[in-house]
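The next block holds one structure in the form of structure tokens; read it before the comments.
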Amino acid sequence: MTKSFPGMRALDDVTFSVTPGRFHSLVGGNGSGKSTLIKVLAGVYRADPGGTITVGPHARGADDITPAWSHQAGIRFVHQDLGLFRALSVTENLLGPELPRAYRSIDWRAAHEQAQDVLDRLGVPVAARRSVAGLRPAEATLVAIARGLRDADTTGVGLLVLDEPTARLPHTEVDELLERLGTLVAGGQTILYVSHRLDEVLDHSHSVTVLRDGVHRTTRPVEGLDRRELTRLIVGEERGILHKRGPAQADRSATPVLRVEGLTGGPLHGVDLDVHPGEIVAVAGLVGSGRTSLLETVFGVHGHVSGRVLLGGRPLRRGSIGAAIRGGAAYVPEDRALHSSFHGLGLEMNLSAAGLHRYMKKGFFRRRDELGDATADITRFSIRTVAPDTVMVNLSGGNQQKAVLARWLRRNPRLLLLDEPTQGVDVGSRAEIYEQITEVARGGAGVLLVSSDLDELLHLADRVHVFERGSPVACATGSAITREWVVNTLFHSTEDQ
Ligand SMILES: Nc1ncnc2c1ncn2[C@@H]1O[C@H](COP(=O)(O)OP(=O)(O)OP(=O)(O)O)[C@@H](O)[C@H]1O
């Protein structure tokens, strides 16, 4: 399969096959073509003429795939955005327009029974009557999978494609999802699994296909493959290997960059914490623990009811993003698509969005300087793009994430607020981003980091606060931050809930 966009070949004569009944992973760096390949399979993009896609007895030109053909051939997709209706029940989400009818209304009893049958058959431990809004993230993902596979017994569904299903799952739920997927595969289901998390790929898949810059590098069994070798296949060289961060250079006698005193508002209750110059403080917790609200409240997205936020010893005005930025704060939110990207604007404008004033000279906008800075950031952050002014929406997800981070680092912030900074970022760029974050701290800034990625916490944090229902409940510093400590503390808080 080959797929070209203007000025770029996203997939270049890619050929591989997936053995039936196998858990097959598809991996590659940001912009290597994974999403493009999936979109061709789904009939969203037309490939260039010449390729062929074969699913069991169904075969068709890759330039002629339609959504209807893809469905009929038995390919089902679960995207990161699960596409579930949160306000509706599991039954309604599963059966949709096929809800059984009795006279002029819906036969709810039959509907729930039918939906429960599907869930039970696929081993999904969720009651069909429940509302989707009340499901845990892993449960919601399983419901989306069940919706895709609900007609599996009648059509012999050929391939289940999962696009980074664990990217937004708290790590306490990742194993649960992967175990269920393992059961589906044991029952004969074929899975094509896209992920940047190499441990998941190595621990759970039978085989793996690696794409690099749109080219097929290898398809091979996972057995005998280790993390280092897989990283090398993805990145192409000895990049992406994490080197343990040295001890913190934090100056704990100095005025804290950030002091939060008795902060209450929204889900937060009486939060106290400090971030000192040179320190990386992490906040761990389950979904709903108040982690994101903390960052948003410090940045002035929300006002607070009581307590104080001090930047460099000076109290911040409540609910004022402008005051937070003037005080030297920078914020990289979790949902870049919703909260931080200007989709229709060029990459260079997205990069300069937090500091346009620097290009205004004598009433003129220095476009050439803006493009020059963009080119430098593209190299510094390994952003894969055709040109510095490529429209943001045409960049791959991980490359958009890097652009948002680069935007804020340009300001040399005094306080860097990061919410899941490497979500969707490939293994090579991840190491580089960790280096950039460490560099910011080395320069004397403070970093407040929210992350569900345990390895990220262990690698970066000088101090970890575990949050539960809006308050810090435990804290560890330096060598006391261990995998066991984080997992035990988080599980303890899950049991409490
Ligand atoms: N609609 C489009 N127009 C132009 N270029 C595009 C378009 N969609 C994707 N591309 C380019 O094709 C390349 C492959 O992108 P793709 O989204 O498939 O990467 P990916 O492997 O899924 O990356 P990530 O891991 O970051 O999600 C990228 O360089 C991207 O900029």
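So for segment 3-235: antiparallel DSSP bridges make up what percent, rounded to the nearest 5?
Of all bridge pairs located within segment 3-235, approximately 50 percent are antiparallel.
Between His339 and Phe5, with labels modelled 7 Å along Cα→Cβ, what's the label distance in nm to one decimal, could you check?
In this crude label model, His339 to Phe5 measures out at 2.5 nm.
What is the diffusion coefficient of segment 176-317 in µm²/s, taking the Kirkwood radius over Cα pairs and the Stokes-Einstein relation at 25 °C with a viscosity of 0.890 mPa s?
The estimated diffusion coefficient comes to 126 µm²/s.
Helix-derived [θ] at 222 nm for the chain: sum -39500 (n - 2.57) over DSSP H runs of at least 4, divide by residue count, nearest 500? Working shown, then result.
Values: 18 runs with 171 residues, N = 497.
Result for the chain: -10000 deg cm²/dmol, rounded to the nearest 500.
Taking the Cα centre of segment 348-497 as origin, work out the dipole magnitude from +1 charges on Lys and Arg Cβ and -1 charges on Asp and Glu Cβ, in debye rounded to 20.
With only Lys, Arg, Asp and Glu charged at Cβ, the dipole is about 1040 debye.
Compare Arg76, Arg180 by solvent-accessible area with a 1.4 Å probe and give them largest first, with all protein chains kept in place.
My answer, sorted largest first, is Arg180, Arg76.
Probe radius 1.4 Å, ligands and nucleic acids left out: which of Glu229, Glu223, Glu484, Glu279 has the largest accessible area, and how do the rest follow?
Glu223, Glu484, Glu229, Glu279
What size of dipole, in debye to the nearest 20, comes out for the chain about its Cα centre when the only charges are +1 on Lys and Arg C-beta atoms and -1 on Asp and Glu C-beta atoms?
1640
Straight-line reach only, C-alpha to C-alpha below 20 angstrom: list the aspartates and glutamates that Lys3 could link to, leaving out same-chain residues fewer than 8 apart.
Asp12, Asp13, Asp48, Asp63, Asp64, Asp163, Asp213
How far is it, in nm, from the label point at Thr218 to the one at Leu356 when both lie 7 Å from their Cα along the line to the Cβ?
That separation, rounded to one decimal, is 4.8 nm.
Lysines near Lys402 by alpha-carbon distance under 18 Å, same-chain residues fewer than 8 away left out - which ones?
By straight Cα distance, Lys402 reaches Lys34.
Out of Leu405, Val40, Ala480, whose Cα points farthest toward the positive end of the dipole of the chain (charges: +1 Lys, Arg; -1 Asp, Glu; placed on Cβ)?
Leu405
For all pairs of alpha-carbon atoms in the chain, what percent lies in each bin of width 20 Å, listed from the first bin to the last filled one?
All Cα pairs considered, the percentages come to 21, 53, 25, 1.
Using per-residue counts of other Cβ atoms within 10 Å, averaged over each peptide, order 66-72, 436-442 from highest down.
On the way: 66-72: 14.4, 436-442: 18.3.
Order by mean packing, descending: 436-442, 66-72.
Can you pull the Kirkwood radius for segment 1-73, inverse mean 1/r over Cα pairs, to one decimal in Å?
The answer is 12.8 Å.
Net charge within 11 Å of Glu200 by Cβ-Cβ distance, Lys/Arg positive one each and Asp/Glu negative one each, not counting Glu200 itself?
Values: positive: Arg197; negative: Glu164, Asp175, Asp199, Asp203.
Computed value for this residue: -3.
May I ask you to evaluate 6.51 cos²θ - 1.76 cosθ + 1.60, the Karplus curve with θ = phi - 60°, for each residue of segment 39-45 and list the ³J(HN,Hα) values in order in whole Hz, giving x for glycine and proline?
5, 5, 4, 7, x, 7, 10
What nm distance separates the two modelled labels at Arg22 and Ala59, each placed 7 Å from Cα along Cα→Cβ?
For the pair Arg22/Ala59, the computed spacing is 1.9 nm.
So for the chain: antiparallel DSSP bridges make up what percent, rounded to the nearest 5?
50
Along the charge dipole of segment 3-235, which of Leu160, Ser70, Phe16 sits closest to the positive end, that is, farthest toward it, with unit charges on the beta carbon of Lys, Arg, Asp and Glu (+1, +1, -1, -1)?
The residue sitting farthest along the positive end of the dipole is Ser70.
In terms of solvent-accessible area of protein heavy atoms at a 1.4 angstrom probe, what is the ranking of Lys39, Lys402, highest value first?
From most accessible down to least: Lys39, Lys402.
Semi-axes of the equivalent ellipsoid of segment 3-235: what are they in whole Å, largest first, if each equals the square root of 5 times a C-alpha gyration tensor eigenvalue?
Semi-axes from the Cα gyration tensor: 32, 21, 15 Å.
The values are calculated or read from the model by the stated rules, or taken from the named source; none is laboratory data. If you're wondering where the values come from, they're calculated on a predicted model, not measured in any experiment. Methodologically, a virtual Cβ is constructed for each residue, glycine included, from the backbone with ideal geometry; neighbour enumeration extends over all protein chains shown. In case anyone asks, the SASA skips ligands and DNA or RNA and just uses the protein heavy atoms, side chains included. Shrake-Rupley method; radii C 1.70, N 1.55, O 1.52, S 1.80 Å.
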